[in-house]
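Below: one structure, written as structure tokens.
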Amino acid sequence: MTKYFLSLPHDSAEEPTMEDMDPAELQEIIAAVDGFNTALQESGAFVTAGGLQPPSTATTVDYSGDSPVLTPGPFVKADEYLGGFWIIEAENDDVAIEWTKQASRALRSRIEVRALQEAPPA
């Protein structure tokens with residue numbers, strides 16, 4: 001089975017967190033996402049998932065030289081950033097897209113889906 005990365009983009013002009021949301025809307029979304037996660041788990045497609053803190057909380061580590069360099073904040077400047085993700089297993093792109101439709105509906109947001117690279121044959 002192929003693993004797929006479902007990612008939740010956020011607008012970089014904002015750094016929304018769950019604390020910023022209307023409590024009633026947040027509870028509806030949490031319930032919908034819990035239902036989606038349960039369906040993934042029951043089908044055997046669930047690998048892992050998580051939400052990320054905003055980019056301003058990031059530290060970039062670069063140890064490509066003689067010693068590590070730590071820089072506060074994200075590595076790149078972008079219009080959007082990764083706010084959360086799922087990694088699922090699916091038989092093919094069509095199945096992964098069906099799961100992604102459900103994720104998008106649960107979160108009331110856009111979701112991007114991409115297959116993870118597989119190791120080349122030896």
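The values are calculated or read from the model by the stated rules, or taken from the named source; none is laboratory data. Note that this is a predicted model, so its numbers are computed, not measured. Don't worry about glycine lacking a Cβ; one is built from the backbone with ideal geometry, like all the others, and counts go over all protein chains shown.
Quick notes
- Residue match in the range 105-112 (condition: modelled with pLDDT of 90 or more, assigned to a strand (DSSP E or B) and either surrounded by 14 or more Cβ atoms within 10 Å (Cβ to Cβ) or among the polar types (S, T, N, Q) (or both)): yes
- Residue satisfying condition, being touching a helix residue (DSSP H, G or I) at 6+ places or on another chain (Cβ under 9 Å) and farther than 26 Å from Gln117 by Cβ, within set Pro72, Pro23: Pro72
- Pick from the range 1-50, criterion at pLDDT below 85 and assigned to a helix (DSSP H, G or I), ranking: nearest to the chain's Cα centre (by Cα): Met18
- Pair list, Cβ < 6 Å and 6+ apart or interchain, from the range 1-15 residues that are more than 18 Å from Leu107 (Cα to Cα) and of a type in the set (D, E, K, R) to residues that are surrounded by 14 or more Cβ atoms within 10 Å (Cβ to Cβ) and at pLDDT 80 or above: Lys3/Ile87; Lys3/Glu89
- Hey, Ala96 assigned to a helix (DSSP H, G or I) and surrounded by 14 or more Cβ atoms within 10 Å (Cβ to Cβ) or not: yes
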